[in-house]
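Here is the structure we will look at.
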Amino acid sequence: MAYYHSKYGGRRKKSKAHRFLLYLIALVFVAILVVGYIIYTVIYSSNVWTDGKETSLYIATGSTFDDVKANLYKKGMIIHRNNFEWLAKKKNYPNNIKPGRYILKEGMNNNELLNLLRSGNQTPMKLIFNNVRKINDLARKVALQIEADSASIVNLLNDTSYQKELGFNQYTIKCIFIPNTYNVFWDITAKDFIKRMHWEFKNFWNDDRKAKAEKLKFSIPEIITLASIVEKETQKNTEKKRIAGVYINRLSRGWRLQADPTLVYALGDFSVKRVLNEHKEIDSPFNTYKYGGIPPGPICIPSIASIDAVLNYEKHKYLYFCAKDDLSGYHNFAKNYQQHEENARKYRRALNKRKIWK
């Protein structure tokens, strides 16, 4: 009887141990599933909120992980911050910060976001500038669109040694800028920006444009300078070739250009709407009433339309033009001074009627 009890008692003990082991294995398995699910959620669950639209994230050069977090959190783009930070550290992102402009999309998970930021695969941006008179104006417009500040751009463009290296001087340095839309990376440096513009300048001046400039017997800076005057004379592209023709006719006769926009530039007061005789006495190389030939450099950064208008100027016999008295922005053209004076009187009366004195 003792043997019988010992035999079945042992079996019961083995059965309990077996069940305990199964329970333990099941518990570990469940724990693994739970942990795996949590890790999967941390890595692959949606964690980026952009209010349903693509949003730009700008990471400045020299940024730390704290800077990146502050940028993301300030805009409320990360839903679960702890999850993001945990995976960032696992991926060693704090030691691999890459500056630039990154496009974040609604519903991105932490893995997608961190892979994007770690890769440095930033999205180019469209850089646009136009209607610019001076280097400082250009620098301000550009600096609003890229990381480089305006001072760094101005300092380079005002550096006489750098100007010479590029083949320009203090008056002609603006010539390298062709107003257009350019795809650039946000973190482009001031120097790389200028190099890119110089490269675009050389591409713009292809063999066809160079041949036309040579036929006119003008240098490229002279063409651009004439184009800048045309640019400030009219906003009507349909008139630009005709106005360019007037100036070329004057130059071919040895006349002074007598272009009002050059006086405004010399004065530095761009609010002037009516050029007076007293303005014509200012002593400046840009005063085309006092000095002959083409000014030493452009009075603005002219559009492509104005540059091509000079290269393809209209051949005619007009020597004068004056804004129409309807103030439409269009002009009346004249072949002699008498015709021009009549047009000018009508325009002056229109200004007087509207009490525009200067």
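The values are calculated or read from the model by the stated rules, or taken from the named source; none is laboratory data. In this text the structure is predicted, and so the values were computed from the model without any measurement. All Cβ positions, glycine included, derive from the backbone under ideal geometry; neighbour counts span all protein chains shown.
Going residue by residue through the stretch 262-272, is there one that turns out to be surrounded by fewer than 20 Cβ atoms within 10 Å (Cβ to Cβ), of a type in the set (D, E, K, R) and modelled with pLDDT under 95?
Yes, the stretch 262-272 has at least one match.
Just to be sure, is Glu222 among the charged types (D, E, K, R), part of a helix (DSSP H, G or I) and buried (at least 19 other Cβ atoms within 10 Å of the Cβ)?
Answer is yes for this residue.
May I ask you to say which residue of Tyr58, Tyr73, Tyr102 is exposed (fewer than 15 other Cβ atoms within 10 Å of the Cβ), among the aromatic types (Phe, Trp, Tyr) and either modelled with pLDDT of 95 or more or in a helix (DSSP H, G or I) (or both)?
None of the other options fit; the residue is Tyr73.
Being out of contact with any strand residue (DSSP E or B) (no Cβ under 7 Å at 6 or more places or on another chain), closer than 22 Å to Asn131 by Cβ and among the hydroxyl-bearing types (Ser, Thr, Tyr): is that true of Tyr171 here?
Judged against the criteria, Tyr171 is a match.
If Asp325 satisfies all but one of (1) touching a residue at least 24 places away in the same chain (Cβ under 8 Å); (2) surrounded by 18 or more Cβ atoms within 10 Å (Cβ to Cβ), what's the number of the condition it fails?
Of (1) touching a residue at least 24 places away in the same chain (Cβ under 8 Å); (2) surrounded by 18 or more Cβ atoms within 10 Å (Cβ to Cβ), only one is false for Asp325: (2).
Applying the selection to the stretch 261-283, what residues are in a loop (DSSP other than H, G, I, E, B) and closer than 19 Å to Glu231 by Cβ?
Gly268, Asp269, Phe270, Ser271, Val272, Lys273, Val275
Give, as residue ranges, the helices (runs of 4 or more DSSP H) completely inside the stretch 106-189 that count at least 3 residues that are closer than 29 Å to Trp49 by Cα.
Helices (runs of 4 or more DSSP H) meeting the threshold: 110-119.
Which of the numbered conditions does Asn109 fail, given that it passes all the others? Conditions: (1) buried (at least 19 other Cβ atoms within 10 Å of the Cβ); (2) in the same structural domain as Thr50 (by TED's automatic domain parsing); (3) within 23 Å of Thr61 (Cα to Cα).
Asn109 satisfies every listed condition except (3).
As an exercise: evaluate Glu147 against (1) in contact with a strand residue (DSSP E or B) (Cβ under 7 Å, 6 or more places away or on another chain); (2) surrounded by 14 or more Cβ atoms within 10 Å (Cβ to Cβ); (3) modelled with pLDDT of 95 or more; (4) not polar (S, T, N, Q) and give the number of the one condition it does not meet.
Unmet for Glu147, out of (1) in contact with a strand residue (DSSP E or B) (Cβ under 7 Å, 6 or more places away or on another chain); (2) surrounded by 14 or more Cβ atoms within 10 Å (Cβ to Cβ); (3) modelled with pLDDT of 95 or more; (4) not polar (S, T, N, Q): (1).
Just need a number here: residues in the stretch 303-353 that are under 15 Å from Lys273 (Cα atoms) and either small (Gly, Ala, Ser) or over 38 Å from the mean Cα position of the chain (by Cα) (or both).
Total satisfying the criteria: 10.
Under 6 Å between Cβ atoms, at least 6 apart or on separate chains: pull out the pairs that start in the stretch 128-157 with a residue that is farther than 17 Å from Cys300 by Cβ and end on any residue that is of a type outside the set (D, E, K, R) and surrounded by fewer than 18 Cβ atoms within 10 Å (Cβ to Cβ).
Listed pairs, sorted by first residue: Ala148/Thr189; Leu156/Tyr162.
Has the stretch 274-281 got at least one residue that is in contact with a helix residue (DSSP H, G or I) (Cβ under 8 Å, 6 or more places away or on another chain), buried (at least 21 other Cβ atoms within 10 Å of the Cβ) and either more than 14 Å from Gly245 (Cα to Cα) or assigned by TED's automatic domain parsing to the domain that holds Ala139 (or both)?
Scanning the stretch 274-281, I find no residue that is in contact with a helix residue (DSSP H, G or I) (Cβ under 8 Å, 6 or more places away or on another chain), buried (at least 21 other Cβ atoms within 10 Å of the Cβ) and either more than 14 Å from Gly245 (Cα to Cα) or assigned by TED's automatic domain parsing to the domain that holds Ala139 (or both), so the answer is no.
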